[in-house]
Amino acid sequence: MPPMLLFEQALNGFQFGVMLFLMAAGLTLVFGVMGLINLAHGSLYMIGAFFAAYVAGLTGSFILALGASLAAAAAAGAIIEVTVLRRLYDRDHLDQVLATFALILILSEGTRWVFGSFPLYLDLPDYLDGVAVLPGGLEYPIYRLVIIAIGLIMAGGLFLLIARTRLGIQIRAGENDREMIAALGVDITRLYTIVFAIGAALAGLAGALVGSIQSVQVGMGEPVLILAFVVIVIGGIGSIKGAMIGAILVGMTDTLGRFLLPIAMSSVMDASQAASVGSALASMSIYILMAVVLAIRPTGLYGNR
Amino acid sequence: MNREGILNAVLASSLVLVPLWASLSGEIFAITLATKIAILALAGVGLNIALGQGGLVSLGHAVFFGLGGYAMGVLASHAQDFVPLLEWPFALDGTKSMPVIWITAILASSLAALVIGIISLRTSGVYFIMITLAFGQMFYYFTISWPAYGGEDGLPIYIRNSFPGLNTLVPLQFHFICLALLFAALVFSARLKTSPFGLALNAARQNGERVAASGIRPFDVRLWAFVISGAITGLAGALFADLNRFVSPVMFSWQTSGEIIIFVILGGVGRLFGPVAGAMLFIILEHFLGDFSEYWQIFLGLLLLAVILYSPGGIIGILAGREKSHV
């Protein structure tokens with residue numbers, strides 16, 4: 001196996017991990033601050049992708065499309081927070097799961113109704129549609145490098161926002177004691193809406209970025225949502241740092257597992273059987289990773305609840 | 001009889017009488033709908049033991065439903081292709097016999113519930129929800145990528161499996177097999193609730209520490225409840241596969257888990273007949289709203305949202321009033 005191929009797959013895994021972080025960050029923030037488990041986070045990812053594809057088709061500008069994904073997902077997030085989710089903060093998890101499941105049904109079918117059942121395609125502009133030569137001679141798609149860069153910039157921005165700004169102080173205080181910061185005069189209702197909109201915008205951006213690699217279709221959000229759940233369970237619910245580490249772990253394990261396991265299996269059985277056994281094992285690898293992490297630390301790597 | 005008792009009697013008798021009427025008037029499709037209601041209600045009765053009695057919000061019951069389905073699919077496909085299931089260490093053939101398939105489905109889903117339970121019951125609350133969901137996805141992707149039994153395309157079974165003494169190809173007879181199993185599960189569930197085990201389970205839901213202080217390990221009680229719950233849902237999966245004569249990875253999908261929860265919640269959590277009322281409403285809505293609009297799930301979502309926000313007791317809560325307290 002050439003080392004270049006392994007390096008390329010590792011980069012793919014890292015890129016996948018960065019995307020998962022954008023999804024997982026919103027989920028873990030919303031859970032940490034509001035105590036809400038939000039299954040409809042995948043729908044925000046989908047909404048971001050659809051609006052990006054729509055705006056790209058209308059204007060031809062990829063930058064505007066990314067901006068549209070951020071704005072549309074943030075707006076959709078704020079609307080569902082104000083109309084529905086706000087009523088669920090002091091309900092038990094079962095009600096939250098069910099209500100957000102109901103939102104998925106409404107948002108998915110609503111999107112199908114507006115945009116139709118056929119997948120949309122988000123084409124890359126020429127300046128992103130090439131390969132870059134990395135040190136060592138590896139040719140790697142520019143677009144995937146851009147995804148990694150945007151993801152890391154967003155992650156850095158989020159860390160700064162939480163660690164350095166007034167809003168970040170309020171968010172951290174809200175995680176610790178929401179009655180106290182409400183008593184200190186912070187408008188907690190507005191804070192919750194802002195936190196939710198930030199998480200939604202990150203999910204929408206991830207949807208638009210991934211939508212340009214794959215197709216944009218109804219139901220694209222839920223598989224990613226469940227991976228994001230795995231990420232935050234591994235990282236520890238409520239921890240942004242845990243979400244980052246969990247996301248990279250899951251992205252790497254999944255991508256490298258799909259690449260390496262069939263190769264490893266072919267040393268003990270014939271090639272066609274090895275391919276199917278290897279891919280079946282690879283599809284389970286991240287869940288096995290999760291089970292192992294939980295067996296050692298039931299609250300995840302950085303969880304303290 | 002109180003209002004909930006009357007409502008339960010109405011629900012139960014409608015599952016007996018409507019198919020009888022349908023059979024006499026030749027409305028075969030109505031029998032199939034009733035059978036589907038009975039089977040999905042059975043899956044809900046299983047989940048309700050974990051969810052309603054034990055307070056365990058499992059978003060992964062599709063695992064058991066799917067394992068039941070594949071128990072039927074694997075056994076029946078070997079029987080229909082005349083390929084032995086095992087040649088070594090001993091010869092074992094597939095089967096078309098329902099009772100054998102049911103036992104296999106129950107064993108397979110109990111075993112899966114035991115393993116998943118041991119791992120996921122170490123956690124609670126939102127972790128438990130997410131982990132059960134993740135295990136569901138694990139089985140889903142595994143069946144998609146494992147090509148031996150149809151992979152993503154699923155596995156058709158050409159002729160419905162047989163039950164000694166009955167002709168399962170007659171829709172009414174198959175319906176009554178499913179209905180008998182549903183009633184048996186309801187009786188079992190009602191008896192479980194008032195048994196010492198059920199009381200311990202209910203207590204563990206309300207306050208695990210107190211249960212532990214009185215000398216019962218809440219983990220064990222929850223684990224067995226989870227296993228029983230998974231076994232019943234697995235049996236429902238085997239029947240569902242027999243109804244459709246088809247199994248596919250969709251049975252393992254997280255939407256299936258969500259739908260089984262919907263039956264329980266729409267009907268009323270913890271109510272004995274909650275899953276029956278919920279499954280009935282779901283299938284009726286699917287059938288009639290599905291004719292009315294391709295996008296019927298929007299209405300299902302709105303209804304579900306309304307029930308959760310404004311009527312946490314579900315349909316039975318609306319029709320029969322608050323559950324009387326046991327204290």
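The values are calculated or read from the model by the stated rules, or taken from the named source; none is laboratory data. Only a predicted model underlies this, so the values are computations on that prediction, with no experimental measurement involved. Note that each Cβ is placed from the backbone with ideal geometry, even for glycine, and that neighbours are counted across all protein chains shown. Remember, those area values only see protein heavy atoms, side chains included, never the ligands or the DNA or RNA. Shrake-Rupley method; radii C 1.70, N 1.55, O 1.52, S 1.80 Å.
Taking the Cα atoms of region B:211-327, what is the range of coordinates along each of the three principal axes, in descending order and whole Å?
Per principal axis, max minus min of the Cα coordinates gives 55, 37, 19 Å.
For region B:206-269, what is the charge dipole size about the Cα centre, in debye to the nearest 20, if Lys and Arg each add +1 at the Cβ and Asp and Glu each add -1 at the Cβ? Don't skip to the answer; put the middle values down first.
Working: 4 positive and 4 negative charges, 21 e Å.
Here region B:206-269 has a charge dipole of around 100 debye.
Tabulate in residue order the Karplus-calculated ³J(HN,Hα) for region B:163-170, using 6.51 cos²θ - 1.76 cosθ + 1.60 with θ = phi - 60°, rounded to whole Hz; enter x for Gly and Pro.
10, x, x, 10, 9, 6, 6, 7
Taking the Cβ-Cβ separation of A:ARG87 and A:LEU161 as r and a Förster radius of 25 Å, what is the calculated FRET efficiency to the nearest 0.05?
That gives a FRET efficiency of 0.40.
Checking buried surface per residue: for region A:56-105, which residues lose a minimum of 50 Å² accessible area in the protein assembly relative to the chain alone (1.4 Å probe)?
Residues passing the criterion (a loss of at least 50 Å², heavy atoms only) are A:ARG91, A:LEU94, A:LEU98, A:PHE101, A:LEU105.
Pulled fully out, how much extra length does the chain show between A:SER117 and A:ALA71, if you take 0.36 nm times their separation in residues and subtract their Cα-Cα distance?
On the way: separation 46, 0.36 × 46 = 16.56 nm, distance 2.35 nm.
Roughly 14.2 nm would be gained on extension.
Run lengths n ≥ 4 of DSSP H only: what is the helix-derived mean residue ellipticity at 222 nm for the protein assembly as shown, with -39500 (n - 2.57) per run over all residues, to the nearest 500?
Details: 24 runs with 457 residues, N = 632.
Rounded to the nearest 500, the figure is -24500 deg cm²/dmol.
Mind checking the dipole of chain B: about its Cα centre, +1 per Lys or Arg Cβ, -1 per Asp or Glu Cβ, Debye to the nearest 20? Before the final figure, lay out the partial values.
Working: 15 positive and 15 negative charges, 233 e Å.
In total the dipole reaches around 1120 debye.
Along the three principal axes, how long is region B:24-99 when you take its alpha carbons, biggest first, rounded to the nearest angstrom?
Each principal axis gives a Cα extent; for region B:24-99 these are 43, 43, 17 Å.
Summing +1 for each Lys or Arg and -1 for each Asp or Glu, what net charge is found among the other residues whose Cβ lies under 13 Å from the Cβ of B:GLN297? Before the final figure, lay out the partial values.
Details: positive: A:ARG112; negative: A:GLU109, B:GLU259, B:GLU286, B:GLU294.
Result for the neighbourhood of B:GLN297: -3.
Starting from the Kirkwood Rh over alpha-carbon pairs, what translational D in µm² s⁻¹ does the protein assembly as shown have by Stokes-Einstein at 25 °C and 0.890 mPa s? Intermediate values should be presented prior to the final figure.
Numbers: Rh = 25.8 Å.
The calculation lands on 95 µm²/s.
So if I take the centroid of the Cα atoms in region A:83-124 and the same for region B:264-327, what is the distance between those two points in Å?
19
Over the Cα atoms of region A:104-182, how large are the radius of gyration and the largest Cα-Cα distance (Dmax), in Å?
20.7, 57
Which helices, taking whole DSSP H runs in chain A, have alpha carbons extending 18 angstrom or more along the helix axis plus mean Kyte-Doolittle at least -1.0?
Values: long enough: A:3-34 (45 Å, 1.51); A:41-59 (27 Å, 1.18); A:62-83 (31 Å, 1.92); A:93-115 (32 Å, 1.04); A:142-164 (32 Å, 2.12); A:188-211 (34 Å, 1.75); A:221-235 (21 Å, 2.44); A:240-265 (36 Å, 1.34); A:271-296 (36 Å, 1.72).
Membrane-span-like by this criterion, though nothing is claimed about a membrane: A:3-34, A:41-59, A:62-83, A:93-115, A:142-164, A:188-211, A:221-235, A:240-265, A:271-296.
Give me the one-decimal nm value for the distance between modelled label points at B:ILE318 and A:ARG172, 7 Å along each residue's Cα-to-Cβ direction.
4.8
With solvent modelled as a 1.4 Å probe, how much accessible area in total do chains B and A shield from it at their shared surface, in Å² to the nearest 100? Show your work: numbers first, answer last.
Numbers: alone 16000 and 14220 Å², together 26230 Å².
Result for this pair: about 4000 Å² buried.
Got the relative contact order for chain A handy, in percent, Cα pairs under 8 Å and 6 or more residues apart? Don't skip to the end; give the middle numbers.
Details: 469 pairs, mean separation 104.6, N = 305.
It comes to 34 percent, rounded to a whole number.
What is the distance in Å between the Cα centroid of region A:231-305 and that of region B:82-153?
20
Given +1 on the Cβ of Lys and Arg, -1 on the Cβ of Asp and Glu, and no further charges, what dipole in debye does region A:10-221 carry about its Cα centre, rounded to the nearest 20? Numbers along the way, then the final one.
Numbers: 10 positive and 13 negative charges, 58 e Å.
For region A:10-221, the charge dipole is close to 280 debye.
Rank B:ILE39, B:ILE31, B:ILE308 by mean-square fluctuation in a GNM of chain B with C-alpha springs under 10 angstrom and give only the top-ranked residue.
Judging by the Gaussian network model, the answer is B:ILE308.
For region A:208-227, which residues drop by 10 square angstrom or more in accessible area between the chain on its own and all protein chains together (1.4 Å probe)?
Those residues are A:GLU222, A:PRO223, A:ILE226.
With a ≥ b ≥ c the root eigenvalues of the C-alpha gyration tensor of chain B, is it rounded (a/c under 1.5), prolate (a/b larger than b/c) or oblate? Provide the component values of the computation, followed by the final result.
Numbers: a/c = 1.58, a/b = 1.15, b/c = 1.37.
Note, shape of chain B comes out oblate.
Pairs of Cα atoms under 8 Å, at least six residues apart: use those to get the relative contact order of region B:1-97, whole percent.
Working: 54 pairs, mean separation 12.5, N = 97.
That works out to 13 percent.
Let me check I've understood the local charge: for A:ALA282, count other residues with C-beta under 14 angstrom from its C-beta, Lys and Arg +1, Asp and Glu -1. What total comes out? Numbers along the way, then the final one.
Values: positive: A:ARG258; negative: A:ASP254.
Once positives and negatives cancel, what remains is 0.
Considering the dipole of region A:54-110 built from charges on the beta carbon (Lys and Arg +1, Asp and Glu -1) around the Cα centre, which of A:GLY67, A:ALA99, A:GLY77 is farthest to its positive end?
In region A:54-110, that residue is A:GLY67.
Restricted to Cα positions, what overall size does chain A have along the principal axes? Three whole-Å values, descending.
For chain A, the Cα spread along each principal axis is 65, 51, 37 Å.
Picking from B:PHE174, B:LEU92, B:ILE129, whose Cα lies most toward the positive end of the charge dipole for chain B (charges on Cβ: Lys, Arg +1; Asp, Glu -1)?
B:ILE129
Read phi for every residue in region B:214-226 and hand back ³J(HN,Hα) as whole Hz from Karplus 6.51 cos²θ - 1.76 cosθ + 1.60, θ = phi - 60°, with x for Gly and Pro.
Couplings: 8, x, 10, 7, x, 4, 5, 4, 5, 4, 5, 4, 5 Hz.
If you take the charge dipole of the protein assembly as shown about its Cα centre, with +1 on Lys and Arg Cβ and -1 on Asp and Glu Cβ, which of A:PRO3, B:PRO196, B:GLY154 is farthest toward its positive end?
The Cα lying farthest towards the positive end belongs to B:PRO196.
Using alpha carbons only, what's the Rg to Rh ratio of region B:189-267 with Rh from Kirkwood? Walk me through the numbers on the way to the answer.
Working: Rg = 15.9 Å, Rh = 14.6 Å.
Value, to two decimals: 1.09.
On the protein heavy atoms, probe 1.4 angstrom, tell me the percent of accessible surface of the protein assembly as shown carried by carbon and sulfur.
On the way: 17470 of 26230 Å².
Result for the protein assembly as shown: 67 percent of the exposed heavy-atom area is carbon or sulfur.
Determine the shape class of region A:133-258: with a ≥ b ≥ c the square roots of the Cα gyration tensor eigenvalues, call it rounded for a/c under 1.5, and otherwise prolate if a/b is greater than b/c, oblate otherwise.
prolate
State, as an integer percentage, the relative contact order of region A:154-291 based on alpha-carbon contacts under 8 Å between residues 6 or more apart. Intermediate results must be reported in sequence, preceding the final value.
Values: 81 pairs, mean separation 18.1, N = 138.
This gives 13 percent for region A:154-291.
Take the alpha carbon atoms of region B:29-178, find their radius of gyration, then divide it by 2.2 N^0.38 Å using N residues; give the quotient.
Details: Rg = 17.0 Å, N = 150, 2.2 N^0.38 = 14.8 Å.
Normalised Cα radius of gyration, region B:29-178: 1.15.
For B:ALA200, what is the net charge nearby, where nearby means another residue's Cβ is under 14 Å from its Cβ and Lys, Arg count +1, Asp, Glu -1?
Details: positive: B:LYS193, B:ARG205, B:ARG210, B:ARG217, B:ARG222; negative: B:GLU209, B:ASP220.
Result for the neighbourhood of B:ALA200: +3.
Under 5 Å between amide H atoms, partner at least 5 residues away or on a different chain: which partners does B:PHE246 have, H built in plane at 1.01 Å?
B:ILE157
Per residue, how big is the convex hull of region A:1-44 when only Cα atoms are used? Give it in Å³.
Working: hull volume 3.6 nm³, N = 44.
Looking at region A:1-44, the number lands at 82 Å³ per residue.
Under 1.5 on a/c is rounded, so check that first for region B:59-147, then, if it is not, pick prolate when a/b is larger than b/c and oblate when it is not; a ≥ b ≥ c are the square roots of the alpha carbon gyration tensor eigenvalues. Spell out each step's value before the answer.
Numbers: a/c = 2.61, a/b = 2.24, b/c = 1.16.
Cα axes put region B:59-147 in the prolate bin.
So for region A:190-271, what percent of the C-alpha to C-alpha distances run longer than 21 Å? Provide the component values of the computation, followed by the final result.
Numbers: 1536 of 3321 pairs.
The answer is 46 percent, as a whole percent.
Using the Karplus equation 6.51 cos²θ - 1.76 cosθ + 1.60 (θ = phi - 60°), what ³J(HN,Hα) coupling, rounded to whole Hz, does each residue of region B:274-282 give in order, writing x for Gly and Pro?
Once rounded to whole Hz, the list reads x, x, 5, 4, x, 5, 4, 4, 4.
Could you state the per residue volume, in Å³, of the convex hull enclosing the Cα atoms of region A:7-104? Write out the running numbers ahead of the final one.
Working: hull volume 11.4 nm³, N = 98.
With only Cα atoms used, region A:7-104 gives 117 Å³ per residue.
Using a loss threshold of 40 Å², tell me which positions in region A:109-129 are less accessible in the complex than in their chain alone. Probe radius 1.4 Å, ligands and nucleic acids ignored.
Those are A:GLU109, A:TRP113, which lose 40 Å² or more relative to the chain on its own.
Please build a GNM for chain B, connecting alpha carbons under 10 Å apart, and tell me which residue among B:PRO249, B:PRO89, B:PRO99 fluctuates the most.
B:PRO89
Let's test the formula: R0 of 56 Å, r as the Cβ-Cβ distance of B:SER214 and B:PHE299. What FRET efficiency results, to the nearest 0.05?
Working: r = 47 Å, r/R0 = 0.84.
The value I calculate is 0.75.
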